[in-house]
Amino acid sequence: MIWNRKAECMSAEEKEELQLRRLQEVVKLAYENVNYYKKRFKDLNVHPDDIETLDDLKKLPFTTKTDLRDAYPFGMFAVPRDEIVEVHTTSGTTGKPTVSGYTQKDLDIWGEVMARTLTMAGASKKDLIQNCYGYGLFTGGLGVHYGAQKIGATVIPISAGNTQRQIQIMQDFGSTILTCTPSYALYLSEVLQNQGVEPEEISLKSGVFGAEMWTEEMREEIENRFNISALNVYGLTEIIGPGVAQECTKKSGLHIFDDHFYPEIIDPENLKTLPHGEKGELVLTTLTREGMPIIRFRTRDITTLRQEKCECGRTHIKMDRITGRSDDMLKIRGVIVFPSQIERAILNIKGLEPHYQIIVTQPHHLDELEVQVEASNILFSDEVKHIEDVKKNIEDHIHDEIGLRVNVTLVEPQSLPRSNGKAVRVIDRRNL
Ligand code: ZN
């Protein structure tokens, strides 16, 4: 099922023409109505009239999270405040939150891209969508909500937390689609398992999981435990919320809704645009947003773009699963390490729970990396010799993945903190 065949299966020529026209409009809108952009354009000596091809986008300034924070709260709005009908913010855990403002037309577009997203995961009017993304200023809850309503599905706005109630509703209502963070999905499946509920006793068929990074191995875990198809959704508050990109059932990359969001990949060090197929930082430009147009937003997410034919019929460009964030990127003894690499190594070993925590210290001016991993009950009841073997095995796997020796500690099952939202994977105790 495809939600909007005309938009999702457009020919390359047709799309480029549409993208260019929309880009020209949005650049003009930003330049004329947002002081930040007017100033930056002037600094770089560029004008909206300079955008004659899509390639000319390169001439335009980037927008960073810091720029958005500096404009807090409403400095990036391109319309009078009273035309903004809804606001959302980022969590602000790493500083001042950034505000995202939507006109009614922006909300309609958000509903449209989320309808495409949910349809990709098999949702139709007949489905019951258990939406455990948080409602409120966070974009996850309402983003899914608007998409579900557009489709006409039954949305269960249960929001995050209260796991016992989640499980009861899931069983009693017969929820068919689950939307939440992958770490919460894993936690839910664990609680179900502990309560002796078999996958056959629930009606779930698929899940739309995002808002944090996860791996193929974690997908397998979730799919097996729930007996569902687990799909990856991508989005960010600064651009619109969830619904920037979504995986189709082919599971070979996420389709970016590139008639609304124009992607580029840059080298995060020298900021040069990289050709398709090369790994780098994802940069996004909103093509249709009117309340808060964003030009060349540096997402900090590391991925690759691929324009290839997909068996599903959609022609949206694809991006690979996010493999790291330049923010999460750890530099250990000069080597770049992403938590996702450690996760992949751990999940490649049988008998291990996909729960881990990375602790970085610097005891003698040299970085030390400790990885705590939960062992399963069977493993923990085993003899000491065996535990040492498992420890060594994980250390070897991680070494293969990141090229560094680390210390692995096996901890008791259920002993690492479980989260309702995003998992805290890294504790950096260095004074950097
Ligand atoms: Zn596809």
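At a glance:
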quantity: Every residue from region 357-373 that is in a strand (DSSP E or B) and either aliphatic (A, V, I, L, M) or out of contact with any Phe, Trp or Tyr (no Cβ under 7 Å at 6 or more places or on another chain) (or both); calculated: GLN357, ILE358, ILE359, VAL360, THR361, GLU368, LEU369, GLU370, VAL371, VAL373
quantity: Of all residues in region 94-108 being open to solvent by 10 Å² or more (accessible area, probe 1.4 Å) and more than 19 Å from the chain's Cα centre (by Cα), the one that is nearest to GLY136 (Cα to Cα); calculated: LEU107
quantity: Set GLU201, GLU212: member being at pLDDT below 90 and of a type in the set (Asp, Glu); calculated: GLU212
quantity: Unique residue being modelled with pLDDT of 95 or more, within 16 Å of the ligand (Cβ to nearest atom), charged (D, E, K, R) and in contact with a helix residue (DSSP H, G or I) (Cβ under 8 Å, 6 or more places away or on another chain) when the list is GLU290, GLU247, GLU264; calculated: GLU247
quantity: Enumeration of residues in region 309-322 that are assigned to a loop (DSSP other than H, G, I, E, B) and touching a residue at least 24 places away in the same chain (Cβ under 8 Å); calculated: CYS310, GLU311, CYS312, GLY313, ARG314, THR315, HIS316, ILE317, ASP320, ARG321, ILE322
quantity: Some residue of region 35-58 being in contact with a Lys or Arg (Cβ under 7 Å, 6 or more places away or on another chain), touching a residue at least 60 places away in the same chain (Cβ under 8 Å) and farther than 26 Å from THR237 by Cβ; calculated: no
quantity: Of the criteria (1) surrounded by 23 or more Cβ atoms within 10 Å (Cβ to Cβ); (2) at positive phi, which one GLY253 fails; calculated: (1)
quantity: Residue identified as assigned to a loop (DSSP other than H, G, I, E, B), over 22 Å from SER100 (Cα atoms), open to solvent by 40 Å² or more (accessible area, probe 1.4 Å) and out of contact with any Ser or Thr (no Cβ under 6 Å at 6 or more places or on another chain) among GLU269, GLU221; calculated: GLU269
quantity: When residues of region 302-326 are limited to those that are among the β-branched types (Val, Ile, Thr) and over 17 Å from GLU343 (Cβ atoms), the one farthest from the ligand (Cβ to nearest atom); calculated: THR304
quantity: Within region 1-89, helices (runs of 4 or more DSSP H) holding 2 or more residues that are among the charged types (D, E, K, R) and open to solvent by 70 Å² or more (accessible area, probe 1.4 Å); calculated: 5-8, 12-33, 35-43
quantity: Odd one out for ASN270 among (1) within 16 Å of the ligand (Cβ to nearest atom); (2) at pLDDT below 95; calculated: (1)
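The values are calculated or read from the model by the stated rules, or taken from the named source; none is laboratory data. These figures come from a predicted structure and were not determined experimentally. Glycine also receives a Cβ, built like all others from the backbone with ideal geometry; neighbour counts cover every protein chain displayed. These area figures cover heavy atoms from the full protein model, side chains too; ligands, DNA and RNA do not enter into them. Shrake-Rupley method; radii C 1.70, N 1.55, O 1.52, S 1.80 Å.
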